[in-house]
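The values are calculated or read from the model by the stated rules, or taken from the named source; none is laboratory data. What you see is a predicted model, and the numbers here were worked out from it, not measured in a lab. All Cβ positions, even for glycine, are placed from backbone atoms using ideal geometry, and neighbour counts span all protein chains on display. We work out accessible area using only protein heavy atoms, side chains counted, and drop any ligands, DNA or RNA first. Shrake-Rupley method; radii C 1.70, N 1.55, O 1.52, S 1.80 Å.
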Amino acid sequence: MLQSKLFTKTKREAPKDEMSKNAELLTRGGFVYKEMAGVYSYLPLGYRVLTKINNIIREGMDAIGGQELFLSALQDKNLWEQTNRWSDDIVDIWFKTKLKNNSEAGLGFTHEEPLTRIMKDHISSYKDLPIFVYQIQTKFRNEIRARSGLIRGREFLMKDLYSFCKDKKEQEKFYEKAKNAYTKIFERLGLGDKTYITFASGGSFSKYSHEFQTEMPDGEDEIYLCSGCKKVAVNKDIWEGQKKCPECGNSSYTEKKSVEVGNIFNLGTKFSESIGLFYKDKNGEQRPVVMGSYGIGPGRVMGTIVETFCDEKGIIWPESVAPFSVHLLIIGDDKKTKENANNLYKELEKKGIEVLYDERDVSAGQKFADSDLIGIPNRVVVSEKTVKENKFEFKKRNEDKSVLLDRDELFKKLR
Ligand code: ATP
Ligand code: MG
C-alpha cells in the first residue's frame, strides 16, 4: 500500500483525555478513533491488526472443532428472564432499549442464553453431541470504569466459544483441549512469554476455572505467580483462600500486575436446565446438556500487545499481528532513488510481502518518526546513498542499529 493513499494521519501530541499507553499510541498512530469513553472505531491500520488477531484466534478454534457462527446483538427479555439474568439488580452492566411497541430489548453482554435456546432446535439425542460453536462478535457492557483504552471497552469484540457435551467427562476433555489451544494462540500472538494460566474460582463442577493473565504493569488484576512451576499463577481470591499453588503445592510466589486476556469456564447444566436443553441418552433417558464457555477479547489483546511491546517512540508490533510486514521509506527524490524504491516496492508486493511504502512528500525526520510510531517490524530505507552502494538499509523496529544489505540478503531477512 502507498502511504500517500492512507487517509489517516499521525499525531505528535498525546490525546489529552487518554490515560492508558495503548489508547495513546493507537490514537497517535491512526489505528483507532475514540467515539466516547470505552468506545473505539478501528481505522484501516487498526483494522488490519484486529483482523490478524481474529484470524489467529479463529484458526485455534477451528483446530479443536469449533464451528463459527454469528449471533444477534439485540436480546430477548423473555429468554434472559428464564435464567434470572435480565434484572439490573443481578446484572448491572446491561445496555437496554425500548422497541416501538414499548417492549424491551437488551444489547448482548454475553451469549449463553440465546445459544442454548438455538440448540434446542438442533440437539435431541446423544448422537448430536458434542457440539462446539464460536463467534467473534460485538458485546456491550456498561462498565463503570473505561479508562484503559481497548483493554476495557463498553462496546468491544469477544471471541466466545460454547461447548455442549453429554456429560462431565466429555466436557472436561474438551476443556483441556481448549486450554492447550489458548496457550498456542497467545504464543502466536506474541504474548506467550508473559501470559500465565491462572487458577480462578468459579466453574460449575470443578473447583477452579482458568484465566489467561498477561503480565502488564498497568493491569487491573493481580496474580500470584508460582515460584515452583513458573508457568502457572493463582488469582488473588484463591491465594488468600489456600496460600499455596493448586498445581504443585509450592507456597512461594511473586506478585504481578496483569490483565485477563482470556478465560475458560465449566458451566455445568445451569443454562441447559433453566432453558430446557435436554437430550436422550443411550438408555432413552432425558439428560441436561453439559456446557462450557471460553472467551478471548481481541481488542483487549490488541491493547495488551501495544502496552507490552512499545518504547518511547511508539509501538513495536510482533510480526504475527503487524499491520504490514515491511515499512519501505524513500528518502530523496532524484530519479535513480525513485526508480530503485519503486522497483523494490513492486517486487515485495509481487512476492506477497505486505508492505507500506512511504513515498509521501514529507521530511525524512517525519518519515522516521512516523515509522517508529506505527511500529511495523521491518524497516527498509532507500536513499541516494544506498543506491550508490547498490544496497538497502534495513532495520528491525526492536533493534537500534541498521545494516546495509544487498538485494538477496534483504529478501532472506524478509522471508
Ligand atoms: P474482566 O474481569 O476483565 O471484566 P470478565 O471476567 O468480565 O473480564 P468475560 O466476561 O469472561 O470477562 O469475557 C471474556 C473475555 O472478553 C475476557 O477474558 C476479556 O479478554 C474480554 N473482555 C471482557 N470484558 C471486556 C471489556 N470490557 N473490554 C474489552 N474486552 C473485554
Ligand atoms: Mg467484566
Inside the range 245-298, can you point out the residues that are more than 30 Å from K127 (Cα to Cα), over 19 Å from the mean Cα position of the chain (by Cα) and of a type in the set (D, E, K, R)?
E247, E255, K256
Please go through the range 134-163 and pick out each residue that is more than 25 Å from I64 (Cα to Cα), more than 10 Å from ligand 1 (Cβ to nearest atom) and in contact with a Ser or Thr (Cβ under 7 Å, 6 or more places away or on another chain).
R147
Would you point out which residue out of Y279, Y294 is within 14 Å of ligand 1 (Cβ to nearest atom) and either open to solvent by 40 Å² or more (accessible area, probe 1.4 Å) or part of a strand (DSSP E or B) (or both)?
Y294
Hey, among G228, G190, which residue is over 21 Å from Q135 (Cα atoms) and modelled with pLDDT under 95?
G228
Scanning the range 57-116 for residues that are under 27 Å from A146 (Cα atoms), surrounded by fewer than 18 Cβ atoms within 10 Å (Cβ to Cβ) and of a type in the set (G, A, S), the one nearest to ligand 1 (Cβ to nearest atom) turns out to be A73
Residues of the range 152-168 being part of a strand (DSSP E or B), open to solvent by 20 Å² or more (accessible area, probe 1.4 Å) and out of contact with any helix residue (DSSP H, G or I) (no Cβ under 8 Å at 6 or more places or on another chain), in sequence order, are E155
Some residue of the range 15-22 being in a helix (DSSP H, G or I), modelled with pLDDT of 95 or more and open to solvent by 50 Å² or more (accessible area, probe 1.4 Å)
yes
Among the numbered criteria (1) of a type in the set (F, W, Y); (2) in a helix (DSSP H, G or I); (3) touching a strand residue (DSSP E or B) at 6+ places or on another chain (Cβ under 8 Å), which single criterion is violated by Y47?
(3)
I need a count of the residues in the range 132-178 that are without any contact (Cβ under 8 Å) to a residue 60 or more places away in the chain and among the polar types (S, T, N, Q).
1
I'd like to check something: does the range 376-396 contain any residue that is without any contact (Cβ under 8 Å) to a residue 24 or more places away in the chain, open to solvent by 40 Å² or more (accessible area, probe 1.4 Å) and under 30 Å from G192 (Cα atoms)?
yes
Filtered residue count, the range 331-344, keeping only those that are touching a residue at least 40 places away in the same chain (Cβ under 8 Å) and surrounded by 13 or more Cβ atoms within 10 Å (Cβ to Cβ):
6
Any residue at all in the range 190-201 that is buried (at least 21 other Cβ atoms within 10 Å of the Cβ), part of a loop (DSSP other than H, G, I, E, B) and more than 16 Å from ligand 2 (Cβ to nearest atom)?
yes
Looking only at the range 111-156, filter to residues that are basic (K, R) and within 16 Å of ligand 2 (Cβ to nearest atom); which one of those is nearest to the chain's Cα centre (by Cα)?
R152
Residues (outside any loop (DSSP other than H, G, I, E, B) and more than 11 Å from F199 (Cα to Cα)) located in the range 227-248:
E240, G241, Q242
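Let's see how each residue does on (1) touching a Leu at 6+ places or on another chain (Cβ under 9 Å); (2) assigned to a loop (DSSP other than H, G, I, E, B); (3) of a type in the set (S, T, Y); (4) on the phi < 0 side of the Ramachandran plot:
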{"residue": "H122", "(1), (2), (3), (4)": "no, yes, no, yes"}
{"residue": "F132", "(1), (2), (3), (4)": "yes, no, no, yes"}
{"residue": "Q137", "(1), (2), (3), (4)": "yes, no, no, yes"}
{"residue": "E143", "(1), (2), (3), (4)": "no, yes, no, yes"}
{"residue": "L150", "(1), (2), (3), (4)": "yes, no, no, yes"}
{"residue": "E170", "(1), (2), (3), (4)": "yes, no, no, yes"}
{"residue": "K184", "(1), (2), (3), (4)": "no, no, no, yes"}
{"residue": "E211", "(1), (2), (3), (4)": "no, no, no, yes"}
The one condition D218 fails out of (1) more than 16 Å from ligand 2 (Cβ to nearest atom); (2) open to solvent by 20 Å² or more (accessible area, probe 1.4 Å); (3) within 25 Å of V289 (Cα to Cα); (4) in contact with a Ser or Thr (Cβ under 8 Å, 6 or more places away or on another chain) is (3)
Would you call E35 open to solvent by 60 Å² or more (accessible area, probe 1.4 Å) and either part of a helix (DSSP H, G or I) or touching a Lys or Arg at 6+ places or on another chain (Cβ under 6 Å) (or both)?
no
